[in-house]
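Read through the structure below, which is laid out as structure tokens, and then see the notes.
Taken together, the values in this text are just the output of simple stated rules run on the coordinates, not laboratory data. Quick caveat: nothing in here was measured; it's all calculated off a predicted structure. As a convention, Cβ positions derive from the backbone with ideal geometry for all residues, glycine included, and neighbour counts pool all protein chains shown.
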Amino acid sequence: MFRKSMSFKNQVAIVGIGETEYSRLSGRSELELSLEAIQAALQDSGVDRSEVDGLMRWSVDTSAEGTIAENLGIKDLAWFGEIRLAGNVGAALVASAASAIYSGLANVIVIYRGVNGRSGRRYGRGEVTGQKGRGSAAFTEPFGLLTPQHNLAMTTQRRMYETGVTSKQFGMVAVSERMHANRNPKATFFEKPLTLEDHQNSRLVVDPFHLFDCCLETDGGGALVLTSAERARDLKKPMALIRAAAQSGFSKKNFIDTSALKLGPRLWEQAGLAPSDMDVVQIYDHFSPFVIFALEDYGFLERGKGGPFVEEGGLLWNGGGIPVNTSGGHLSEAYLQGMNHLIEGVRQIRGDSTAQVENTVFSFVDTGVGTGAIILERNAISG
């Protein structure tokens with residue numbers, strides 16, 4: 001049974017996007033990265049910082065809302081918060097912010113992320129990311145499952161067995177995204193081509209993940225500005241209306257299912273749309289196999305059909321059946337825990353992506369393979 005929709009459908013919009021450069025050594029604190037991205041997003045939107053009365057962040061972000069507010073000169077912070085679920089909560093933050101704006105709790109909310117993911121805390125290192133046997137880690141870390149790649153490699157192995165998807169097909173995900181990154185001057189791997197042979201010859205990190213199946217480690221910052229659609233009509237940039245947004249807390253039937261199986265039907269019901277209506281798709285690609293798994297579990301493709309689809313060039317921006325991660329994604333642009341996917345989703349709506357899909361009306365963004373997703377829509381009046 002579907003929950004009754006609060007229906008902020010197309011009543012709230014993303015009106016500003018901002019990001020720093022992406023690098024291995026930013027030379028700045030995570031606070032500075034967040035502030036730079038926020039200032040860029042506000043400038044992009046045309047919203048004065050005095051109008052900002054809400055802030056939201058990833059729970060793993062080190063820059064508290066109060067600190068950001070103080071540095072921005074926000075005098076009345078009416079709404080603030082975070083969502084706890086590691087890095088894959090970007091779309092859930094958009095859902096929460098949109099709900100707050102729609103209900104009148106805030107007028108302008110900024111969502112931000114600043115991370116020194118290469119020069120500082122590196123998420124792929126067990127001694128940093130491990131919980132030292134606390135909480136749910138008490139059931140995994142004693143057996144050597146110290147990092148996300150350890151856990152998700154097991155899921156991937158089983159899904160390979162169940163569906164027949166192959167390492168070469170995972171490699172075509174990486175190759176497709178690298179082709180998109182080679183069009184994007186901001187991407188870490190800009191002008192650095194990747195072949196399937198390169199992928200297959202790269203070292204194994206955790207079987208079956210080759211090096212190029214794994215997301216980047218990146219320093220950088222990003223930010224979004226959200227406000228009501230009514231306020232957005234007075235601003236300088238085309239708005240990206242939030243058609244629908246949903247989140248899920250790891251509801252699974254078995255070891256190989258992703259949360260997209262639960263979240264997807266609720267999202268499509270809320271939007272009044274189907275996967276076939278989406279013009280362009282961004283998927284949380286912490287590891288390349290999960291692009292295929294997400295396409296299947298959200299309903300874009302039947303289970304077991306994702307591998308052959310990708311192998312035939314189905315993800316490419318110019319001629320692919322489902323253009324995916326058109327800025328290069330986590331594999332080739334940057335790892336900003338879904339923030340760069342949200343930014344690219346907005347760019348596609350505006351029409352200014354470096355791998356622009358023609359006549360984009362609906363832009364789908366997943367930021368956790370089922371933990372959260374949004375559908376953005378072009379405004380027919382201003383777009």
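Along the axis of the charge dipole computed for the chain (Cβ charges of +1 for Lys and Arg, -1 for Asp and Glu, origin at the Cα centre), the listed residues PHE309, ALA373, PRO193 are led at the positive end by ALA373.
Charge tally for GLY221 (other residues, Cβ to Cβ under 12 Å; Lys, Arg +1; Asp, Glu -1): -4. Translational diffusion of the range 185-250, estimated by Stokes-Einstein from the Kirkwood radius over alpha carbon pairs at 4 °C in a medium of 1.567 mPa s, is 77 µm² per second. Enclosing the Cα atoms of the range 286-352 in their convex hull gives a volume equal to 92 cubic angstrom per residue. Taken about its Cα centre, the range 225-383 carries a charge dipole of about 480 debye when Lys and Arg each add +1 at the Cβ and Asp and Glu each add -1 at the Cβ. Only one of (i) 20.6; (ii) 22.5; (iii) 23.4 was calculated from the structure for Kirkwood radius over Cα pairs in Å, and its label is (i).
With angles folded into 0 to 90 degrees, how steeply does helix 167-181 sit against the dominant principal axis of the chain? Use alpha carbons for both and round to 10. For helix 167-181, the angle is close to 30 degrees. The rule of thumb for compact globular proteins, 2.2 N^0.38 Å, goes into the C-alpha radius of gyration of the range 141-285 1.30 times. Relative contact order of the chain: 24 percent, from C-alpha pairs under 8 Å at least 6 residues apart in sequence.
Farthest toward the positive end of the dipole of the range 1-96, out of SER7, ALA95, GLY54, is the Cα of SER7, where the dipole comes from beta carbon charges about the Cα centre. Of ARG350, ARG203, ARG243, ARG122, the sequence from fewest to most neighbouring Cβ atoms within 10 angstrom is ARG203, ARG122, ARG350, ARG243. In a simple Cβ point-charge model (Lys, Arg +1; Asp, Glu -1; nothing else charged), the range 212-301 has a dipole of about 440 debye relative to its Cα centre. In the chain, the DSSP beta bridges split such that about 70 percent are antiparallel, to the nearest 5.
Of the residues MET179, MET172, MET339, the one with the fewest other Cβ atoms within 10 Å heads the list, and the complete ranking is MET179, MET172, MET339.
Normalised size of the range 217-285, defined as Cα radius of gyration per 2.2 N^0.38 Å with N residues, equals 1.45. Per residue of the chain, the DSSP helices (runs of n ≥ 4 H) give a summed -39500 (n - 2.57) that works out to -9500 deg cm²/dmol at 222 nm.
Helix 30-45 and the longest principal axis of the C-alpha atoms of the chain enclose an angle of approximately 60°.
How far is helix 148-163 tilted, in degrees, relative to the longest principal axis of the Cα atoms in the chain, given as a value from 0 to 90 rounded to the nearest 10? On a 0 to 90 degree scale, this one is about 60.
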